[in-house]
1. Taking THR28, is it surrounded by fewer than 18 Cβ atoms within 10 Å (Cβ to Cβ) and part of a helix (DSSP H, G or I)?
2. Output the number of residues of segment 7-51 satisfying the condition of being within 21 Å of PHE85 (Cα to Cα), free of Cβ contacts under 8 Å to residues at least 12 places away in the same chain and in contact with a Phe, Trp or Tyr (Cβ under 8 Å, 6 or more places away or on another chain).
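Throughout, read-outs are computed from the coordinates displayed, never taken from laboratory work. Quick caveat, the model's predicted, so the values are computed rather than measured. Every residue, glycine as well, gets a Cβ built from its backbone with ideal geometry; the counts of neighbours run over all protein chains shown.
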Amino acid sequence: MVDVKKLREKLGLNKKDFAEKMGVSVRTVEFWEQGSSTPSGSAEILLRMLDERGEMFSQFAKRETGDSANSEKSVLWPKSETEQFMSMLGKQQELISRHLDVITKRDEQIDRLIALLEER
């Protein structure tokens with residue numbers, strides 16, 4: 001399991017910015033860091049990828065938007081890139097789900113075969 005606080009600090013983000021990038025509330029980040037809840041679904045996958053391959057995702061923390069009107073630059077990923085990344089994660093999650101379905105069906109078939117063999 002990913003140590004969310006350690007990862008957030010490694011990326012140099014405060015809770016608010018980290019929560020915005022993850023698409024969750026600050027309270028959710030606090031729950032994760034305290035261990036009172038755990039990330040799931042695409043959030044869990046993204047956290048694992050950031051933890052395991054942080055150098056590949058350094059832009060997660062450093063990317064700036066081109067808002068020159070604002071003296072402080074935003075560190076958020078552009079929405080289109082975030083949506084593409086989350087779409088990719090969703091597709092991977094669907095593929096994993098299909099594989100789990102196949103494994104479950106095979107387990108059921110094996111159980112039926114064992115039951116038939118035991119009857120003989």
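1. Working: surrounded by fewer than 18 Cβ atoms within 10 Å (Cβ to Cβ): yes; part of a helix (DSSP H, G or I): yes.
The answer is yes for THR28.
2. 1
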